[in-house]
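Structure, as structure tokens:
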Amino acid sequence: MGNDGEPHKNKYEEIINLLKTNQLKNITFITGAGISTAAGIPDFRSSNGLFAQTQKKYNLSNPAQFFQIGLFYSHPEYFYDFCKNVEKQINSCKPTKAHLFQGFLCQKGLVRRIFTQNVDGLEIKAGCPKELCTFAHGRIDVAGCPECLRDYDIEELKKKIYNDEIAYCEKCKKPIKPKVVFYGEYLPQSYFDSFADITKTDCAIIMGTSLEVYPFNRLPCNVPNDSWRVLINLVKVSGAFFTTNRLKFDNEYKKDCFIQGYTDDVIQKIVDDCGWTNEFNEYCSKFK
Ligand code: OAD
């Protein structure tokens, strides 16, 4: 045990023991698109992810271009077209075990905050209280003007989108859109308002994210040195984001633990190992 991809047995056991005895009381989640792929929503950077799909469909010069605010201003019809499909898809999606686990721990009163880059709102569908969720990259179900930040009614915007019309801001005349953060836009104030919670966590569970995007990817750096960082992902993510206050994410570090796998499989194992199987099933059954 101890190689990348296999959690150190002792560390994993220590985490399970702390979890099941309710000794971790300020858990934070740091999540990305990988926790929603099991619900049928593609992630961004996988080979069949949203970057590849949109780059090909709109013949774009770089993979992230579709989500740049400049492209939206010049071609709002591209994103409106995208929204039609995504909105329907998201509406019919059910939360995954990774979402439900977050709701389950919220119900136990053990969660300090959920930081997510996802805009699908599946945390809410999984029973996580709104006030504990920070939607760092916005939400698909609220509308606003990217230029002057004025709010708009999402239902009115949807009508326009489905009629193939572009909705413009009454004040600044820019096209409006669902309030999902594009490259070139600021993160919502709620992200900055809740940021300090990461410095108070006793265990950060990082799931389903490549941690490629700044400033969200600074969160794991601000986990206190004496707190746990558990990374659950298909691949071990690495890079500059882990290098400020605390050294690079390292399985060798006594409180960093990488568990490689599909989030839902790993979550099920954690639940079983904590002896929570029946309780978790009962919780999940409320959200089917
Ligand atoms: P990415 O697509 O960059 O990363 C998803 C990560 O989850 C990858 O490391 C996958 O290997 C992993 N993954 C996928 N499915 C998984 C599964 N079932 N179990 C475990 N791991 C899985 O998505 P994000 O990190 O969320 O922002 O992307 C961050 C931001 O990039 C997005 O919010 C978006 C995009 O640009 C903006 O548009 C501003």
- Task: For LYS97, state whether it is open to solvent by 30 Å² or more (accessible area, probe 1.4 Å) and touching an Asp or Glu at 6+ places or on another chain (Cβ under 8 Å).
- Result: yes
- Does the range 32-54 contain any residue that is in contact with a Cys (Cβ under 7 Å, 6 or more places away or on another chain), over 22 Å from LYS269 (Cβ atoms) and not hydrophobic (A, V, I, L, M, F, W, C)? yes
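From ALA33, ALA38, ALA64, which residue is farther than 21 Å from ALA98 by Cα, touching a residue at least 12 places away in the same chain (Cβ under 8 Å), of a type outside the set (Phe, Trp, Tyr) and within 9 Å of the ligand (Cβ to nearest atom)?
Numbers: ALA33 fails: farther than 21 Å from ALA98 by Cα; ALA38 fails: farther than 21 Å from ALA98 by Cα.
Result of the check over ALA33, ALA38, ALA64: ALA64.
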- Scanning for something modelled with pLDDT of 90 or more and either open to solvent by 50 Å² or more (accessible area, probe 1.4 Å) or among the aliphatic types (A, V, I, L, M) (or both), does the range 236-244 turn up at least one residue? no
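Can PHE72 be described as within 16 Å of TYR183 (Cα to Cα), touching a strand residue (DSSP E or B) at 6+ places or on another chain (Cβ under 9 Å) and touching a residue at least 24 places away in the same chain (Cβ under 8 Å)? Give the steps one after another, and end with the answer.
Numbers: within 16 Å of TYR183 (Cα to Cα): yes; touching a strand residue (DSSP E or B) at 6+ places or on another chain (Cβ under 9 Å): yes; touching a residue at least 24 places away in the same chain (Cβ under 8 Å): yes.
In short, yes.
Does ALA52 satisfy the condition of being within 11 Å of the ligand (Cβ to nearest atom), of a type in the set (A, V, I, L, M, F, W, C) and surrounded by fewer than 19 Cβ atoms within 10 Å (Cβ to Cβ)? It would help to see each step written out before you state the result.
On the way: within 11 Å of the ligand (Cβ to nearest atom): yes; of a type in the set (A, V, I, L, M, F, W, C): yes; surrounded by fewer than 19 Cβ atoms within 10 Å (Cβ to Cβ): yes.
Yes: the conditions hold for ALA52.
Determine, yes or no, whether GLU87 is modelled with pLDDT under 95, more than 15 Å from the ligand (Cβ to nearest atom) and not assigned by TED's automatic domain parsing to the domain that holds LEU231. Step through it out loud before you land on a result.
Numbers: modelled with pLDDT under 95: yes; more than 15 Å from the ligand (Cβ to nearest atom): yes; not assigned by TED's automatic domain parsing to the domain that holds LEU231: yes.
So GLU87 fits the description; yes.
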- Is there any pair linking a residue in the range 255-275 that is at pLDDT 95 or above to one that is more than 10 Å from the ligand (Cβ to nearest atom) and hydroxyl-bearing (Ser, Thr, Tyr), with Cβ under 8 Å and at least six apart or on different chains, and which? VAL271/THR277
- Task: Could you please give the count of residues in the range 68-83 that are open to solvent by 20 Å² or more (accessible area, probe 1.4 Å), among the aromatic types (Phe, Trp, Tyr) and within 17 Å of ALA52 (Cα to Cα)?
- Result: 2
- Cβ-Cβ under 7 Å pairs, at least 6 apart or on other chains, the range 222-235 side touching a residue at least 12 places away in the same chain (Cβ under 8 Å), far side among the hydroxyl-bearing types (Ser, Thr, Tyr) and within 16 Å of the ligand (Cβ to nearest atom): ILE232/THR263; LEU234/TYR262
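The values are calculated or read from the model by the stated rules, or taken from the named source; none is laboratory data. Being a predicted model, the structure only gives us computed values, none of them experimental. When we count neighbours, we look across all protein chains shown, and the Cβ atoms used for this are built from the backbone with ideal geometry, even at glycine. Accessible surface is based on the protein model in full, side chains and every heavy atom, while ligands, DNA and RNA are left aside. Shrake-Rupley method; radii C 1.70, N 1.55, O 1.52, S 1.80 Å.
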